[in-house]
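Have a look at the structure below before the remarks.
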Amino acid sequence: LDTLARRDALTGLDNRRAFVEAARARLAAGEPLQLLVADIDHFKRINDSMGHAAGDEALVHAAGVLTQAAPHGSIVARIGGEEFALLVPAATDPTALVARIAAELAHMPAPSAAGLKRMTCSFGVAAAHPGERLDSLLSRADAALYAAKDGGRDRMALAS
């Protein structure tokens, strides 16, 4: 039952509850971390034009790419609809990580009978400040994500 309560049934990733618990613990321990929030671009269009089965395939595909790209010791979770979180060591170069993820998404498009040609994500990145709480870190990463989406999608924005 604990696994069912902490795992996303579709992707197999941690769900929001598990992510929040683990992230709070790591932040409280003072680990130097940064948070990447990823959102699949135009996900509603995938569901509306190709059907929910294709949308599910896109989510599973994105989860696999994010998991493979995440540095050792990272937490990867599906925190909402088409939104994912990666809590990574502070030494991780977010530009290189996002570039690797984008390349994998582009070169391994989610399979679909309707022929999804390319899937992209937008990313918001925030480095945790010493003593920062998770809600603040999430808020800053979300603000950066919205800046990336407002800037044209398929890009990364850094939080201030």
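Listed values for the stretch 39-51 are Karplus-derived 3J(HN,Hα) couplings in whole Hz (6.51 cos²θ - 1.76 cosθ + 1.60, θ = phi - 60°), namely 10, 5, 5, 6, 4, 4, 5, 4, 4, 5, 8, 10, x, and x replaces Gly and Pro. Accessible surface ranking for PHE84, PHE43, 1.4 angstrom probe, highest first: PHE43, PHE84. Using the Cβ of GLU31 as centre and a radius below 13 Å, the other residues enclosed give a net charge of +1, where K and R count +1 and D and E count -1.
Each residue of the stretch 2-10 was assigned a 3J(HN,Hα) from its phi angle through the Karplus curve 6.51 cos²θ - 1.76 cosθ + 1.60 (θ = phi - 60°); the sequence is 4, 4, 4, 7, 10, 10, 7, 4, 6 Hz, with glycine and proline shown as x.
The amide H of MET119, built 1.01 Å from its N in the peptide plane, has ALA110 as neighbours under 5 Å, considering only residues 5 or more places off or on other chains. In the complete set of protein chains, residue-level accessible area for LYS44 is approximately 140 Å², probe 1.4 angstrom.
Scalar couplings 3J(HN,Hα) for the stretch 77-87, obtained by applying the Karplus form with A = 6.51, B = -1.76, C = 1.60 to θ = phi - 60°, are 9, 9, 9, x, x, 10, 10, 10, 10, 10, 9 Hz; x denotes Gly and Pro. Angle of helix 134-150 to the longest C-alpha principal axis of the chain, folded into 0 to 90 degrees and rounded to 10: 40°. Computed from the C-beta positions of GLU132 and GLN68 and an R0 of 30 Å, the FRET efficiency is 0.60 to the nearest 0.05. Taking 0.36 nm per residue of sequence separation and removing the Cα-Cα distance, the THR95/VAL60 pair yields an extension gain of 10.3 nm.
Heavy-atom accessible area, probed at 1.4 angstrom with all protein chains present, ranks SER49, SER74, SER160, SER122 as SER160, SER49, SER74, SER122, highest first.
At an R0 of 22 angstrom, the distance between the Cβ atoms of ARG153 and LYS44 translates into a FRET efficiency of 0.95. Placing +1 on the Cβ of every Lys and Arg and -1 on the Cβ of every Asp and Glu, with no other charges, gives the stretch 49-160 a dipole of roughly 180 debye about its Cα centre.
The values are calculated or read from the model by the stated rules, or taken from the named source; none is laboratory data. Predicted model, so just to flag it, every value in this text is computed and none were measured. Ideal geometry is used to build each Cβ from the backbone, glycine not excepted, and the neighbour counts take in all protein chains shown. Each accessible area value is taken on the protein alone, full model and side chains, heavy atoms only, with ligands, DNA and RNA left out. Shrake-Rupley method; radii C 1.70, N 1.55, O 1.52, S 1.80 Å.
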